[in-house]
Amino acid sequence: KNEVEQSPQNLTAQEGEFITINCSYSVGISALHWLQQHPGGGIVSLFMLSSGKKKHGRLIATINIQEKHSSLHITASHPRDSAVYICAVSMGTGNQFYFGTGTSLTVIP
Amino acid sequence: NAGVTQTPKFQVLKTGQSMTLQCAQDMNHEYMSWYRQDPGMGLRLIHYSVGAGITDQGEVPNGYNVSRSTTEDFPLRLLSAAPSQTSVYFCASSYSGGQGVGSPLHFGNGTRLTVT
């Protein structure tokens, strides 16, 4: 069973488009993380949130605790945004993380 | 400030061989963890540690050992490698695991392991 489900699995967009990636989870969580994995393989943390909304540059992450759902939005997408975006949740004491399978985003110039 | 340093980047083992994947962080993080990443699956937690001398199993611990003798280092040992352990391995650390605000995970660059 997957505690974390992401959609879509793959996404192709034209440069400048507004992009939304969705994440649903099935149990109570301590926090939700959005990660970015570039083609070279390295993984960086974009956001960690437990309520509301966070913004960093062109990236916005929101979470609805009641609906067990989070979204990652990218405004004015750019080819350098091409990467795999991964949703992860920590549960209980917060020491065990569960990851979605990722959304592969390609932004075409 | 190097962050999380993971070595080696690539490794090929024969079935039955042993090896240690090294992970070190210089951010004084209490929480450290090991994951494996396989095609079509999300990252899966192998083992984690919430401080020196404390380790615990994650979702897929079989075939792997860990220890945490210092805050900085968290090596992952494969005692007898099997082809099923072919994967990409990531080490990650954070200030307090998943708890609290402002404790993002910091990842190493990964180790691509092939067991033949």
Suppose the filter is free of Cβ contacts under 8 Å to residues at least 40 places away in the same chain and either assigned to a loop (DSSP other than H, G, I, E, B) or closer than 14 Å to A:Thr103 by Cα (or both); does A:Gly41 pass it? yes
The lone condition A:Ile29 fails out of (1) under 13 Å from the mean Cα position of the chain (by Cα); (2) in a loop (DSSP other than H, G, I, E, B); (3) not aromatic (Phe, Trp, Tyr) is (1)
Filtered residues of the range A:71-88 (kept if touching a residue at least 40 places away in the same chain (Cβ under 8 Å), away from chain B (no Cβ under 14 Å) and farther than 14 Å from A:Leu11 by Cα): A:Ser71, A:Thr75, A:Ala76
Top-ranked residue of the range A:35-53 - restricted to ones that are modelled with pLDDT of 95 or more and more than 10 Å from chain B (Cβ to nearest Cβ), ranked as farthest from A:Asp81 (Cα to Cα): A:Lys53
Within the range B:14-45, considering residues that are small (Gly, Ala, Ser) and closer than 13 Å to B:Phe107 by Cα, the one surrounded by the most Cβ atoms within 10 Å (Cβ to Cβ): B:Ser33
Counting only residues in the range A:90-109 that are surrounded by 17 or more Cβ atoms within 10 Å (Cβ to Cβ) and at pLDDT below 90, the one farthest from A:Thr20 (Cα to Cα) is identified as A:Asn95
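Quick grid of which residues meet (1) farther than 21 Å from A:Asn95 by Cβ; (2) more than 12 Å from the chain's Cα centre (by Cα):
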{"residue": "B:Asn1", "(1), (2)": "yes, yes"}
{"residue": "B:Val4", "(1), (2)": "no, no"}
{"residue": "B:Met19", "(1), (2)": "yes, yes"}
{"residue": "B:Ala24", "(1), (2)": "no, no"}
{"residue": "B:Tyr48", "(1), (2)": "no, no"}
{"residue": "B:Gly58", "(1), (2)": "no, no"}
{"residue": "B:Thr70", "(1), (2)": "no, yes"}
{"residue": "B:Arg77", "(1), (2)": "no, no"}
{"residue": "B:Thr86", "(1), (2)": "yes, yes"}
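The values are calculated or read from the model by the stated rules, or taken from the named source; none is laboratory data. In this text, all values refer to a predicted model and were calculated from it rather than measured experimentally. Quick reminder, even Gly has a Cβ in these numbers, built from the backbone with ideal geometry, and neighbours come from all protein chains shown.
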